Every structure is written in C-alpha cells, then in structure tokens.
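Enquirer: Pasting a structure below so you can have a look.
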Amino acid sequence: MYRYDEFDDRFVRERVASFRSQVERRLSGALTEDEFKPLRLQNGLYLQLHAYMLRVAIPYGTLNSPQMLQLAMIAERWDKGYGHFTTRQNIQFNWPKLQDVPAILEALADVGMHAIQTSGNCIRNVTADHFAGAAADEIEDPRPTAEILRQWSSGHPEFAFLPRKFKIAVTGSPNDRAVTKAHDIGLRMVRNAAGEPGYEVIVGGGLGRTPMIGKVIREFLPKADLLAYLESVLRVYNLYGRRDNKYKARIKILVHESKLETIRAEVEAEFERLMAEEAGPTRALSAAEVARIEAYFAPPAFDDLPDSDAGLEAALAADQDFRAWVKTNIVAHRQSGYRIVTVSIKPIGKAPGDASADQMRALADIAERYSLGELRVSHEQNIVLPHVRAADLPEVFACLQKADLATANIGLITDIIACPGMDYCALATARSIPVAQDIANHFNSPALAAEIGKLQIKISGCINACGHHHVGHIGILGLEKGGIESYQITLGGDATETTAIGERAGPGFAYDEVVPAVRRLVDAYLALRTDANETFLQTYRRLGAAPFKAALYPADIGGSGSGAGGGWPKAKAGPSLSASAQVQQAAHSQYVFYHF
Amino acid sequence: MSKTPALQVVTANDLLNGDVVFLSSGGCWRRELQHATLVRTSGDADFLMAQAAQHEAYVVGPYLAEVTQDDAGRLEPVHYRERIRTLGPSNRPDLGRQAEGLAEVAHVPL
Amino acid sequence: MPIVTDSGFVFADETDALLSLDAMLSGGGDPAGGLEIANDTDPRDLVPHFEAVGLIAVTFPNFADGRGFSLARRLRALGYKGRLRAKGHVISDQYPMARACGFDEVEIDETLAARQPEQHWLAVATRSGHALQARA
Ligand code: SF4
C-alpha cells in the first residue's frame, strides 16, 4: 500500500490549515457563502438536508486497518456512530458540525487520509478495480497508476474550477470491475504489439441525466506520457467545456457536441505543445518516479500454500451457512492458497453501505489478523478483504457473524446499490434507501435469492445517478411526480466490460408499487429462463425487453396500488397481450411454488 | 380537518451545525417549525426573504417552503422533502430531529 | 485598484489604460501599456504580438470560472514571457493557483480588497499547494 512521504504529509496538513482558515474567514464574512461553497466542497464538505456531510476519500478504495479504525473513531467522536460507504469507494459522515471539520481533517491526516476533491468541479477521487493486486485475472496492478493520478490531481492548480466534476477510473483486468466506460476518463491497462505497457484511454462516458458510454480517444498511450496526455484532455475540457448549463457541462457533452475527432485533434495538439515545453509543470513521468510508486504496491509476503485446505473442506461439508457464504462472497486469488473475501455491507433490511463504528472496528481487526492488514471499498458498497488464506475462511466467517457482517448475498438480488437519496441528499427527488430495504426484505429468503442468482438492482434518488441505476440489470430511478415519489424502472443495464445503458421500461411506479413490480420482473425471468444457469441479464438479452415489459405492465393490474398514486399515469398494457398473459400465468405458478 | 392552502415559511440551514432552522418572530432562527413566521402574501415573502438574506453570517440558503395549518394552528410541511427535512431520515427514527422529540409532524406513508 | 503580488498590495493607476483585443488587432492603440483579454480568447491569435505587448491581463468574470488558469498556461506554453495578470473576481485562496499557472499578479477591485485584505493574500502567497510539483 502507498504510504505518505513528507511531501504528502505536508500537503494534506497545509490543506487542513487552509480549510481551517477558510472556515474562520467564512464566519468573519471575508468569504461569502458563494465563495466558501466551492472551497468547502473541494474539501469534501456538503450541506445536505439535515446537516453537513463530509465525504472522505479512500483513494482507489484501498485502506489499511489503522485507517479503518480512525474512521470508526471519527464516526463516534464527531458523528453519530456510523458511516456510509459510497459507489465511488468513499465514505460519508452524515452529521458533522462545521466547526469540527478541521479537527476531523486533522485526524484523517494523522493516518494518511484526506477529503480533498471528493466533491466540487474538479478532478475527483480516482477509482480503480477493488480486487487490484489480488485478482486472478489481472494483467497489471492499476493502483500505482491511480496513486500517480491522485498525487497529480490533488491540488492541481489549473483544474480546480472546471466546468463540472471530472471522474477517472483505472482497471488492470480484462474483466472491468471499475466501470471505466462510465467515467469522464477511463484507463484500461494494455500492452502494445511490442509488449510495452500503456493505456487505452476512454473519454466521455458517464451516467447522470445523459448517460453515455465512453469512447476510445487514444488506443495506446505509453505509460510515461500519462500525465501530459491527461493534462491535455483536462485543458481542452477546461477551455471548451460548456459553462452555460450545468447539465451540459460534463466532458461527455463536449465530446458529443464537438465530435470525438475534433476533441482528439485538439488534445493531440495540446499534448504536442506540452511535450515540447522545456520545464512546464508537467514533465514526462520519469521511470524512477513510476518505480518509486510501484514499489509501494509490491505484492505482500504471501506464504507458499497448497490451494486447498483440509480444514476448509471439513467446514464446508459441516456448515451450510458457511458453504452458502463461500459460494457467494469468495473469489479466486492470484496466489495459491489465498482467497478474496467480499464482506457484504447489505445485511437484509439495512441501509446499503452503512456500517457502524463497531462494525468498522471489527473489519479493521479481521483485516489485521487475516488479510495482511488491508481492506478495500468496492463501488458496489461492500468491503473487500483482499488477501485471506483459504484455511482462515471459517474463522473469518465466524468473526464476521459476530459483527453482523456475514450476509451471504454478494451479486444477488439483495446486494442492492443505493445512493443516500431523499433521506439525506439535498439534490434528491425521491428516497432510495427505504426502497432498497423493502426489496431486500421481500426477497429475504436465501434459497429464493440463490435460485434467482446473479441480479444487480441499482437505485438512484435522482437523475444524477449516484446509484448507477443506468447500469443495473434492474435500475430504479426515484423522481417526483405531482408532489409524490415516482420510480422509473430501467432494464438490461450492465456495468462490466460489456457496458450497456438500461432501457426505460415505461411509466413510473408509486413508492409502494416498486416491490410488486420488481417481483413481477423476477417471476417473469424465472419463468422465461432456459435453465438455472441463464442469468437475468442473459435472458433479457436473448428475449429483449418485451416479455419483461409485459410482466411489468400487465393489462389487468393497470397501475396497482395507484390508489396512493393520485394522478399516476395508468400503466399501459404490454406490447403483446398474449405474452403478457402467458408470463403472468407463469409468474403466478412461480409465486405459489416459492410461497413466501 | 380543514387546512389553509399555500402558506409558506422561510427555512434554511444553520451555518455552524447545518441544522434545519425556520425564520421566526423578531428575525430569530428557530429549530421548531411550529414557531416559524407564516408568510401569507407575496409582500410577506419579499420582506422575510430580504430579512433572511441579511443573515448570511448565521444561515445558509434560505428559501420558502409550503406548509399547511390545521384548525388547532399546527403547521405541517406540504412537500415530502420538507417533511423529511423537518424530521430526519425516514429509515432511521433514531436520528435527526424526530429522535429529539422535536418532531411535531410525522412521516406520512409517502 | 489594488494589484496583488508576492510581496503584497501595490496600487497603480495604469490599470485603466489597458487596450482591448479588438482595439489592438484593428491597430487602435499601443499595446505596450497592456492588453486585456477575455478568458475565451484563442491565445494563438496573440503570438505575433507577444513582443510588443507589455502586459496581458486575463479577466475572471467569476472566481468559479477556471478558464483563465488554462489560458495562462497556454500563453506560457506558446512562449509569452511578459507580465501576466489575472484580473477580476479572483479570491485569495486562488492566488497560489494563479501563480502556479503562470500569472505574475492579480488585480482585484476595492470591495474585494476590503473583504479580503492584504494579509489574507500574503498568508497563502508562498504555498505550493501541489504535492507532486513540490516533489518534482
Ligand atoms: S443520485 Fe441524486 S439523490 Fe442520489 S446521492 Fe446522487 S445526487 Fe443525491
């Protein structure tokens, strides 16, 4: 893992001092609220519905046990005893007081952390594959690149007041777990024909109001050119990105309106100028600097172990709960005898991503004892223990059970991504956490969830799409219609290397219609799939949206529960009545079959 | 119970602790909705918003929010956003103003 | 109008004498006294005039509009070696950024100077604010 050196330490301490002074100057009137707001945002501080909210950066989702312990301490000392892990691999505290924030930032600096640029119109916290350095399918570790980008972007003097926020993600595996095509810039680590390492650069992806899949702007960028090239992209964006309309200010709109070719030419011209500069702030990355950073991420001292373990096999045979958990929450590690454990922060019926201070301490302790002191935050809002010995899995499971963290549901229907929504967020148009809780409670039978298999539900409380609803197999977007909450469902989204934006299914559903609607979709899938090996997404891709829409909007339900919905649009009949009837029939038998 | 339509109050967040506050008599900001000064005319709205704009040293982002008043004089937010704001997170009754007994209203089944 | 430099406020009257880009390009004055440009100006148009221009002031209509920072970097990358000033709504916290992007000084109005007096600017004047650059 990266450790701060004196430069990093001085930098974050200076930022704390700056922020302390900014708070004082806001209170004295030297800074207006208009002036203070972007400054506090760039230090991670939002003003939400009930209180301030501090978003702490967990660069590329990596943290160690002492850092997790410090987060627990902060939650207890300055907040209300819990934190919320986000889809951007960060953690948010929902109740800090303005006067306490400098002290919180100081406490973060003590463990080599900060809240810099977790918000605001600047380069945001860089995200990466949460299995980095452990994944069996990894070509190259993305963390050194992400760390170089963290250092380059933090406090970058030119890019602190961009037209809009700017998000960068890096992956080093062909299986894209970092959603690189839905970022302003996505970097995929590749090798050219000569076998030299570099990046495929993807630009202009993003979710939000206008979801777009990123396009390749440079097929191969040599490693040494990374910063100069990104600096060129950012400069072109800073100068030409729209500032007249915040909904059109992201780089995806610039790329879309000006055409990729034009932007590519501008970027290449700027890049050439930069490379020709003698001693500008950006030099080509020196091999020495890359090596210095890479050294921090050298593989830890793994033991030489056989891949299977007798104790593990015995526990698997003896304990059904353990077996279920191993099946869903464990994946292969690159090192023989080790496994990657994903700890679900989605206990059934709890707010997705919320962890109490006690749970954070338990995680820190388990990581210290069983995962070489390392933890990761995934963009699915779960915690990863990247380096666990296969033989230790039964003990890890037992420890997690004690902390109420042993839910066996990774990738299943109850592993729901949900943004904070209207329960906290000032921008929200509807709630999302309670919707997630209701869905999880409805599908709380482990047997049913296992039967349904891989199914990602993603919920956002407004069009900003922090809950990634566009790329959920089932996406749910909370909106407001006529003074009440209305939920729009999208189908067939995909967040992996085969990225797809979900298709809007039809009219929205009232709050209490959402669970029945999801139920109808699931029942339709169970009836339509070829066999238990065909996932929801595969069935959707094979058959298209029609049968699912028919299930969502059956003719004879006609807006169920719309009594509460007042002026709700009546649900329309699906495109094919007979298909609809058929699915309903099948759905009904499934319902009886599983009775719950 | 009859409710008056289209009454408003001026609400904002406290600069120091971020808490939800309402503009009340004498230009004070109070945490209780029931103490909020009622805006009945556009003249009232202009006057109170102008007053609120002078308070940048104490509050952030003042705006007008709709409320209703029942026969007993109790105020209730109209929009579900304001209801959640007045109470706290709907999924955590142990948090926010609802947990302090400050909630004079209830989460309605939305 | 106060001009902020690394050593504090300087008061000068030359600030009214700045030429607009249009005036300069149409030959309507001597740019030796200084040129004022908007933050969406294409700096490539200025390259032939770099030697003749005594000062370039880039306007900041609003502190949250960061185009001026990139424009300054571009002017420097294109070879401008003269004085470069950020003029308008720049707040003291942005001073180190302006300097790092190639500006020599910042011009603010009296109201802003009253709200953000000299010591606020001096307090941040020497900050680098950028870990990577500090290390390089
Ligand atoms: S999607 Fe909307 S409601 Fe949800 S966290 Fe983002 S801004 Fe807030």
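The values are calculated or read from the model by the stated rules, or taken from the named source; none is laboratory data. Model, not experiment: these values are computed from the prediction. With ideal geometry, Cβ positions are generated from the backbone for all residues, glycine too; neighbour counts draw on all protein chains shown.
Enquirer: Return yes or no: is B:THR41 away from chain A (no Cβ under 12 Å) and out of contact with any helix residue (DSSP H, G or I) (no Cβ under 6 Å at 6 or more places or on another chain)?
Expert: Numbers: away from chain A (no Cβ under 12 Å): yes; out of contact with any helix residue (DSSP H, G or I) (no Cβ under 6 Å at 6 or more places or on another chain): yes.
Yes: the conditions hold for B:THR41.
Enquirer: With charged (D, E, K, R) and modelled with pLDDT of 95 or more as the only criterion, which of A:LYS181, A:LYS167 stands out? Step through it out loud before you land on a result.
Expert: On the way: A:LYS181 fails: modelled with pLDDT of 95 or more.
Only one candidate passes the filter, namely A:LYS167.
Enquirer: Please count how many residues of the range A:2-26 are more than 10 Å from chain C (Cβ to nearest Cβ) and either within 30 Å of A:THR429 (Cβ to Cβ) or surrounded by fewer than 19 Cβ atoms within 10 Å (Cβ to Cβ) (or both).
Expert: 5
Enquirer: Next up: Kindly provide the set of residues from the range A:415-427 that are more than 6 Å from the ligand (Cβ to nearest atom) and assigned to a strand (DSSP E or B), ordered by number. It would help to see each step written out before you state the result.
Expert: Taking the range A:415-427 first, the residues more than 6 Å from the ligand (Cβ to nearest atom) are A:415-418, A:422-424, A:426.
Of everything in the range A:415-427, those that are more than 6 Å from the ligand (Cβ to nearest atom) and assigned to a strand (DSSP E or B) turn out to be A:ILE417, A:ALA418.
A quick yes/no check of all residues on (1) within 13 Å of another protein chain (Cβ to nearest Cβ); (2) surrounded by fewer than 23 Cβ atoms within 10 Å (Cβ to Cβ):
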| position | (1), (2) |
| --- | --- |
| A:ALA450 | no, yes |
| A:SER460 | no, no |
| A:ILE476 | no, no |
| A:TYR511 | yes, yes |
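Enquirer: Looking only at helices (runs of 4 or more DSSP H) that fall completely inside the range C:36-136, which ones have 1 or more residues that are polar (S, T, N, Q)?
Expert: Details: elements: C:67-77, C:95-100, C:110-115, C:118-124, C:131-135.
Per the criteria, C:67-77, C:110-115, C:118-124, C:131-135.
Enquirer: Does C:ILE37 meet the test of being crowded, with 23+ Cβ neighbours inside 10 Å, over 23 Å from A:PRO163 (Cβ atoms) and more than 11 Å from chain A (Cβ to nearest Cβ)? Outline the logic, then answer.
Expert: On the way: crowded, with 23+ Cβ neighbours inside 10 Å: yes; over 23 Å from A:PRO163 (Cβ atoms): no; more than 11 Å from chain A (Cβ to nearest Cβ): yes.
So C:ILE37 fails the test.
Enquirer: Could you check A:PRO144 against (1) within 21 Å of A:MET360 (Cα to Cα); (2) of a type outside the set (A, V, I, L, M, F, W, C); (3) not in a loop (DSSP other than H, G, I, E, B) and say which number it fails?
Expert: Condition (1) is where A:PRO144 drops out.
Enquirer: Can you go through A:ARG250, A:ARG334, A:ARG242, A:ARG235 and tell me which one is closer than 30 Å to C:GLY66 by Cβ, touching a residue at least 12 places away in the same chain (Cβ under 8 Å) and more than 14 Å from every other protein chain (Cβ to nearest Cβ)? Give the derivation first.
Expert: Values: A:ARG334 fails: closer than 30 Å to C:GLY66 by Cβ; A:ARG242 fails: more than 14 Å from every other protein chain (Cβ to nearest Cβ); A:ARG235 fails: more than 14 Å from every other protein chain (Cβ to nearest Cβ).
So the residue among A:ARG250, A:ARG334, A:ARG242, A:ARG235 that is closer than 30 Å to C:GLY66 by Cβ, touching a residue at least 12 places away in the same chain (Cβ under 8 Å) and more than 14 Å from every other protein chain (Cβ to nearest Cβ) is A:ARG250.
Enquirer: List the number of the failed condition for A:TYR199; all other conditions in (1) assigned to a strand (DSSP E or B); (2) assigned by TED's automatic domain parsing to the domain that holds A:ILE91 hold.
Expert: Unmet for A:TYR199, out of (1) assigned to a strand (DSSP E or B); (2) assigned by TED's automatic domain parsing to the domain that holds A:ILE91: (2).
Enquirer: Oh, and also: Restricting attention to the range B:1-38, which residues are more than 14 Å from chain A (Cβ to nearest Cβ) and hydroxyl-bearing (Ser, Thr, Tyr)?
Expert: B:SER2, B:THR4, B:SER24, B:SER25, B:THR37
Enquirer: List the pairs whose first member sits in the range A:348-367 and is in contact (Cβ under 8 Å) with a residue 24 or more places away in the chain and under 10 Å from A:ALA72 (Cα atoms), whose second member is surrounded by fewer than 20 Cβ atoms within 10 Å (Cβ to Cβ) and of a type in the set (D, E, K, R), and whose Cβ atoms are under 6 Å apart, counting only residues at least 6 apart or on separate chains?
Expert: A:ALA357/A:GLU76
Enquirer: Could you please give the count of residues in the range A:151-183 that are in a helix (DSSP H, G or I) and more than 7 Å from chain C (Cβ to nearest Cβ)?
Expert: Of the residues in the range A:151-183, the ones in a helix (DSSP H, G or I) are A:151-153, A:180-182.
Filter once more, so that each one left must be more than 7 Å from chain C (Cβ to nearest Cβ): A:153, A:180-182.
So the count comes out to 4.
Enquirer: What pairs can you find where one residue is in the range A:428-449 and farther than 19 Å from A:ASN464 by Cβ and in a helix (DSSP H, G or I), the other is within 16 Å of the ligand (Cβ to nearest atom) and not β-branched (Val, Ile, Thr), and their Cβ atoms are less than 8 Å apart, with a gap of 6+ or different chains?
Expert: Within 8 Å, the pairs are A:GLN437/A:ALA351; A:GLN437/B:ASN91.
Enquirer: Which of the residues belonging to the range A:27-74 are free of Cβ contacts under 8 Å to residues at least 40 places away in the same chain and away from every other protein chain (no Cβ under 11 Å)?
Expert: A:ILE74, the sole residue that qualifies.
Enquirer: Which of (1) away from the ligand (no atom under 16 Å from the Cβ); (2) under 21 Å from A:ALA128 (Cα atoms); (3) modelled with pLDDT under 95 does A:HIS379 not meet, given it meets every other one?
Expert: Of the numbered conditions (1) away from the ligand (no atom under 16 Å from the Cβ); (2) under 21 Å from A:ALA128 (Cα atoms); (3) modelled with pLDDT under 95, the odd one out for A:HIS379 is (1).
Enquirer: Can C:PHE103 be described as buried (at least 20 other Cβ atoms within 10 Å of the Cβ) and more than 9 Å from chain A (Cβ to nearest Cβ)?
Expert: On the way: buried (at least 20 other Cβ atoms within 10 Å of the Cβ): yes; more than 9 Å from chain A (Cβ to nearest Cβ): yes.
So C:PHE103 passes the test.
Enquirer: Given the criterion part of a strand (DSSP E or B), within 16 Å of the ligand (Cβ to nearest atom), β-branched (Val, Ile, Thr) and at negative phi, identify the matching residue among A:ILE459, A:ILE463.
Expert: On the way: A:ILE463 fails: part of a strand (DSSP E or B).
The unique qualifying residue is A:ILE459.
Enquirer: Given the conditions (1) touching a Leu at 6+ places or on another chain (Cβ under 6 Å); (2) modelled with pLDDT under 95, report the number of the one that A:VAL343 does not fulfil.
Expert: Going through the list (1) touching a Leu at 6+ places or on another chain (Cβ under 6 Å); (2) modelled with pLDDT under 95, A:VAL343 breaks only (2).
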